[in-house]
Amino acid sequence: MNILLLGKTDSIFTRDFCLNVLGMEHANTVILTQAFSKEYQQDYAAENIKEVKWPDLFLKGIRCQPGSIFRLPQIWKKLWQEIGFVKEIDVFHVHYVEALHLLYFFPFWTSAGKRILTFWGSDLYTLSFVNRQILRLFLNQASRIVLMIPEQHKYFQLLYGNKYEKKIRVIDFGNSLIDELDKVIAKYTKKECKDYFQLPADKVIVHIGYNAARVQQHLRLIEGILCLPIEERSRLKLVFGMSYKHDSDFEQYKQQLSDQMKAAKVDYCFVEKYMQGEELAMFRRTCDLFLYGQKTDARSESPLEYVYGGAEFICPEWLAGHYGILDQAKARYYVYEDFDNLSDSIRRCFENMDVYGESISEWGRQIIRSEISWDSVRGEWRSLYADE
């Protein structure tokens with residue numbers, strides 16, 4: 001089976017999907033990527049998955065280069081040769097759907113036996129009106145449309161109605177880190193995890209967001225903390241996980257955060273080291289309270305990892321609907337309506353944290369595992385490639 005996947009090979013989500021789903025016998029997989037992976041080249045090579053970089057013309061943008069449209073047939077021909085499929089493309093699977101990218105690779109899309117569009121979340125929620133209309137062409141031609149969670153499905157229906165219901169499958173990514181979290185929970189105490197990262201055991205460790213992007217709204221989350229009395233703030237150590245999604249002005253933004261912390265006399269640190277596996281699981285386990293305030297998102301796995309690791313979770317109302325699994329798991333978490341109410345949720349969280357300890361039971365962890373582990377979703381993903 002020849003599988004052509006359009007996605008970013010340096011994404012942990014693409015890497016985990018390939019290793020857990022595309023490591024199939026008799027599967028010949030090629031990934032069209034904007035840049036070769038720096039982190040996961042060996043992982044792809046171990047599964048005989050080939051990376052093919054986008055042509056420079058696509059990376060720079062056709063609209064920026066007058067007359068370049070006439071070079072497309074030559075570029076597509078060369079790209080076919082690089083992909084190297086002797087026969088036709090059995091499956092063209094698009095991860096993270098963008099209209100312009102689909103237009104770039106239109107000949108490959110139309111020649112595929114099966115065409116799958118997988119929306120990750122923000123690609124759907126941030127669609128402009130123009131791109132929404134362009135996508136209708138590809139939605140009409142798609143064999144399958146994959147949405148991650150039911151709430152995303154509902155939003156898709158708001159945009160496009162029920163026309164594509166027979167094509168839609170709701171399947172989330174599996175989570176590779178929960179296996180590592182199980183090992184870390186069994187092997188290390190929470191204090192040992194904090195010691196590894198040189199975090200104080202006598203303070204409440206508060207993780208602010210899970211990457212460096214401004215959409216995490218770190219500054220607004222900090223405002224909620226600064227509304228607390230000084231004696232409560234002194235209990236805290238704020239940790240900013242900044243290992244990826246650096247904007248061009250990242251250093252300036254980091255300085256802005258730092259200045260705000262120093263002015264308020266709040267203990268803090270930035271963690272910029274890229275982590276995976278056991279080390280990332282240990283980092284999640286250091287957290288006593290995870291504060292979340294992203295503007296828009298589907299259900300992110302990172303908050304679930306923090307809760308699975310035993311942290312309290314404070315979530316904005318506009319994203320809380322994505323985390324119904326925590327109700328099923330009877331995990332303790334808190335919802336704030338807007339940033340003006342955040343400090344109230346933090347106070348309630350502190351009160352319960354002191355009395356009840358960890359936010360989730362072993363039974364609750366099993367509920368989460370049963371829904372988001374790769375073992376539980378692998379079969380659904382592979383069924384997309386099966387003959388119908």
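Under 8 Å between Cβ atoms, which residue pairs at least 6 apart in sequence (or on different chains) link something in the range 47-72 that is of a type in the set (D, E) with a partner that is modelled with pLDDT of 85 or more and not in a loop (DSSP other than H, G, I, E, B)?
As it stands, the answer is E47/C18; E47/L19; E47/T29; E51/V30; E51/I31; E51/T33; E51/Q41; E51/Y44, since those pairs meet every condition given.
Hey, E317 hits all of (1) surrounded by fewer than 21 Cβ atoms within 10 Å (Cβ to Cβ); (2) in contact (Cβ under 8 Å) with a residue 60 or more places away in the chain; (3) over 15 Å from Q216 (Cβ atoms); (4) not hydrophobic (A, V, I, L, M, F, W, C) but one; which does it fall short on?
Answer for E317: the failing condition is (2).
For the list (1) within 16 Å of the chain's Cα centre (by Cα); (2) within 23 Å of L72 (Cβ to Cβ); (3) not hydroxyl-bearing (S, T, Y), I need the number of the one condition that W120 fails.
Condition not satisfied by W120: (2).
Assuming M261 fulfils every condition listed in (1) closer than 15 Å to L219 by Cα; (2) assigned to a helix (DSSP H, G or I); (3) open to solvent by 40 Å² or more (accessible area, probe 1.4 Å) apart from one, which condition is it?
(3)
Any residue at all in the range 235-255 that's open to solvent by 20 Å² or more (accessible area, probe 1.4 Å), farther than 20 Å from Q216 by Cβ and touching a strand residue (DSSP E or B) at 6+ places or on another chain (Cβ under 7 Å)?
Yes, some residue in the range 235-255 is open to solvent by 20 Å² or more (accessible area, probe 1.4 Å), farther than 20 Å from Q216 by Cβ and touching a strand residue (DSSP E or B) at 6+ places or on another chain (Cβ under 7 Å).
Somewhere in the range 360-375, is a residue open to solvent by less than 10 Å² (accessible area, probe 1.4 Å), more than 30 Å from M24 (Cβ to Cβ) and either part of a strand (DSSP E or B) or in contact with an Asp or Glu (Cβ under 7 Å, 6 or more places away or on another chain) (or both)?
no
Just to be sure before I move on: is C287 at pLDDT 90 or above, in a loop (DSSP other than H, G, I, E, B) and open to solvent by less than 80 Å² (accessible area, probe 1.4 Å) in the structure I sent?
The answer is yes for C287.
Hey, can you tell me all the residues within the range 177-210 that are farther than 13 Å from R284 by Cα and open to solvent by less than 40 Å² (accessible area, probe 1.4 Å)?
P200, V204
For G277, state whether it is within 18 Å of the chain's Cα centre (by Cα) and either open to solvent by 20 Å² or more (accessible area, probe 1.4 Å) or at pLDDT 95 or above (or both).
It is true that G277 is within 18 Å of the chain's Cα centre (by Cα) and either open to solvent by 20 Å² or more (accessible area, probe 1.4 Å) or at pLDDT 95 or above (or both).
Checking N162 against (1) farther than 25 Å from I325 by Cβ; (2) in a helix (DSSP H, G or I), which single condition isn't satisfied?
Failing condition for N162: (2).
Among K78, K87, K154, K166, which is within 17 Å of T29 (Cβ to Cβ) and either surrounded by 13 or more Cβ atoms within 10 Å (Cβ to Cβ) or over 18 Å from the mean Cα position of the chain (by Cα) (or both)?
Being within 17 Å of T29 (Cβ to Cβ) and either surrounded by 13 or more Cβ atoms within 10 Å (Cβ to Cβ) or over 18 Å from the mean Cα position of the chain (by Cα) (or both) holds for just one of K78, K87, K154, K166, which is K87.
The values are calculated or read from the model by the stated rules, or taken from the named source; none is laboratory data. Note that the structure is predicted; figures quoted are calculated from it, not measured. Note that we place each Cβ from the backbone using ideal geometry, even for glycine, and neighbour counts take in every protein chain shown. Only protein heavy atoms, including side chains, enter the accessible area calculation; ligands, DNA and RNA are left aside. Shrake-Rupley method; radii C 1.70, N 1.55, O 1.52, S 1.80 Å.
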